[in-house]
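Q: Here it is, the structure, as structure tokens.
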Amino acid sequence: MHPRHWLISAQVKVTLLNFMITPHGLQDQLLGVVVARERSDLEKKKNELVLEGAENKRKLKEIEDQILEILSGEGNILENETAIVTLNQSKVTSDDIKAKQHVAEKTETEIDDVRRGYRSVAYSTQVLFFCITALESIEPTYSYSLDWFINLFVASIKKSEPASDVPTRLDNLYNHFIYSLYKNICRSLLEKDKLLFSFVLTIRILQGKNELDGAEWLFFLTGGVSLDNPHENPAQDWLAPKLWNEICLLEEISAFRGLREHVDKCPHQWRTLYDSIDPQEEPLPGKWDELTGLKRLCILRCIRPDKVVLGVQKFVIGEMGEKFVRPPPFDLQACYDESSCIQPLVFVLAPGSDPMASVLEAAEALGREVAPISLGQGQGPVAEALIARSRKVHGDGSWVVLQNCQRLSVEVQGTFPLYVTDATSCPVVYSMA
């Protein structure tokens, strides 16, 4: 349970421990995943070395215990032939184990050097996970599990284009995964949030590469706060006081030194930008046209805040490509291909929409039988029976469509409880292979 779900009265009485995975921990986990599939021989050897190292340490501990036992015994150790033989054998065994351990450590270092070549894609990928976890602050339903994320990553490892050299292969893997993630996330987002996701995704990637200035990003989000602006507005007839204040605040960032003076001396040049129908496409006056990326967005925010959305779209296209601002149309076939017998498809619908026609069309193309049922009083056992029939090992592989799910809790022996809530009409396609 998330800490924010706890009442304040409970939080002051208990200690809450956050076991959320850390970026470093996720990076190591993803590194193991990609190396295990790209270089399974290395991963297998590394695991063997870990076990061998543990066994060697155990044997050394036994030898030490034997020596201590001999030394603690009564009588003269030099007169005890058995003790002398045991000590000699212990020394030989100890030297042999240390030699093996030295070779193992050298081999493990070589393996780690090779694994290090895959660390870049592990780092870049973990940045993406913490990007999508932030979406929950927009809508509570935008919640994605780590297992789902890793499975998507594994799918990209299998489907991305191979290459003979590691850097090219990792580029192919990362590019395939990031677009696969974009498509899958967009499928679950409301239309109004898709461009926002593209923008946040772009920003997080740039932050991960240390290519984004924190002060510029903060200004773009907030516009800054100005309590008293001593500089007089040079264009009061068209430049609103709020926008002028933001220009003065923006000048405090190093990349924008001299911006206020230029607007003050040449307001007519900035008026052209202000009057433009498409200011996001217009060149900036003077040397300011050299600015790119988020810097141009900051200036657009100060002059034409009503066009920032279009500016964001252009920014994403410039950094990521046009396909990241054009969400793919809904494809039920693609959804089906990514589902499984333990991953039902849940459609969250707006009033008046009905995917039943698409479901029937897809079922016909795949040769599947469809068993629709409208839930209501007394229909729970019927739904359970339909799902039980479809999930049998030698079952008919039919689809079960559960409609009108106000709140549903169906549990089938050997699988998970299926909960669907907060939807006036939420069909669930339970697909069997």
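The numbers here are math on the coordinates, done by the rules we state, and not lab data. As the structure is a prediction and not an experimental result, all values here were calculated from the model. Note that each Cβ is placed from the backbone with ideal geometry, even for glycine, and that neighbours are counted across all protein chains shown.
Q: If you take Rg/Rh (Cα atoms, Kirkwood Rh) from the coordinates, which of [x] 0.99; [y] 1.13; [z] 1.01 do you get?
A: After the calculation, the listed value that fits is [y].
Q: How long are the semi-axes of the equivalent ellipsoid of the stretch 214-325, taking √(5λ) for every eigenvalue λ of the Cα gyration tensor, in whole Å from largest down?
A: Numbers: eigenvalues 105, 50, 31 Å².
Its equivalent ellipsoid spans semi-axes of 23, 16, 13 Å.
Q: For a test of understanding, tell me how many lysine pairs in the stretch 120-208 have Cα atoms under 18 Å apart, given they are 8 or more places apart or on different chains. Mind dumping the intermediate values first?
A: On the way: Lys158/Lys183; Lys159/Lys183; Lys183/Lys192; Lys183/Lys194.
Count of close lysine pairs: 4.
Q: Counting other C-beta atoms within 10 Å, and keeping those with at most 14, which DSSP coil chymotrypsin sites (Phe, Trp or Tyr not before Pro) do you find in the stretch 304-362?
A: Working: sites: Phe315, Phe324, Phe330, Tyr336, Phe347; in loops: Phe330, Phe347.
Those that pass, being in a loop and sparsely packed, are Phe330.
Q: Can you give the log10 of the normalised intensity I(q)/I(0) at q = 0.13, 0.14 Å⁻¹, computed with Debye over equal Cα scatterers of the stretch 166-210?
A: -0.35, -0.40
Q: If you wrap a convex hull around the C-alpha atoms of the stretch 40-117 and split its volume per residue, what is the figure in Å³?
A: Details: hull volume 5.9 nm³, N = 78.
So the per-residue Cα hull volume is 75 Å³.
Q: Let me ask something else. Say R0 is 56 Å: what FRET efficiency, to the nearest 0.05, do Ala357 and Asn47 get from their beta-carbon distance? Before the final figure, lay out each step's value.
A: Details: r = 51 Å, r/R0 = 0.90.
Step by step, r from the Cβ atoms, then E = 0.65.
Q: What distance in nm separates the simple spin-label points at Leu349 and Thr168, each placed 7 Å from Cα in the Cβ direction?
A: A separation of 4.9 nm, rounded to one decimal place.
Q: Take Lys287 and Glu139, extend 7 Å from each Cα along the Cα→Cβ direction, and tell me the distance between the two endpoints in nm.
A: Output for this residue pair reads 4.6 nm.
Q: While we're on this one: Starting from the 7 Å offset along Cα-to-Cβ, what nm value, one decimal, do you get for the label separation of Gln29 and Val309?
A: 3.6
Q: If neighbour count is taken as other Cβ atoms inside 10 Å, put Trp399, Trp288 in order from fewest to most.
A: Working: Trp399 24, Trp288 19.
Placing the least packed residue first, the sequence is Trp288, Trp399.
Q: May I pose another question? Show me the three semi-axes of the equivalent ellipsoid for the stretch 120-208, from the C-alpha gyration tensor (sqrt of 5 times each eigenvalue), largest first, rounded to whole Å. All intermediate terms of the calculation are to be shown ahead of the outcome.
A: Details: eigenvalues 115, 35, 26 Å².
Semi-axis lengths for the stretch 120-208 are 24, 13, 11 Å.
Q: Here's another thing I want to ask about it. Given a Förster distance of 51 angstrom, what is the FRET efficiency for Asp275 paired with Ala388, based on the Cβ-Cβ distance and rounded to 0.05?
A: Values: r = 68 Å, r/R0 = 1.32.
The formula returns an efficiency of 0.15 here.
Q: On a full-extension model of 0.36 nm per residue, what is the gain between Gln377 and Glu252, subtracting their alpha-carbon distance, rounded to one decimal in nm? Don't skip to the end; give the middle numbers.
A: Numbers: separation 125, 0.36 × 125 = 45.00 nm, distance 6.50 nm.
Using 0.36 nm per residue and subtracting the Cα-Cα distance, I get 38.5 nm.
Q: Assuming R0 = 30 Å, what is the FRET efficiency of Asn88 and Lys61, from their Cβ-Cβ distance, to the nearest 0.05?
A: Values: r = 19 Å, r/R0 = 0.64.
With R0 = 30 Å, the Cβ-Cβ based efficiency is 0.95.
Q: So if I place +1 on the C-beta of Lys and Arg and -1 on the C-beta of Asp and Glu, and nothing else carries charge, what would the dipole magnitude of the stretch 234-324 be about its Cα centre? I want it in debye, nearest 20.
A: Working: 13 positive and 15 negative charges, 29 e Å.
Approximately 140 debye in magnitude.
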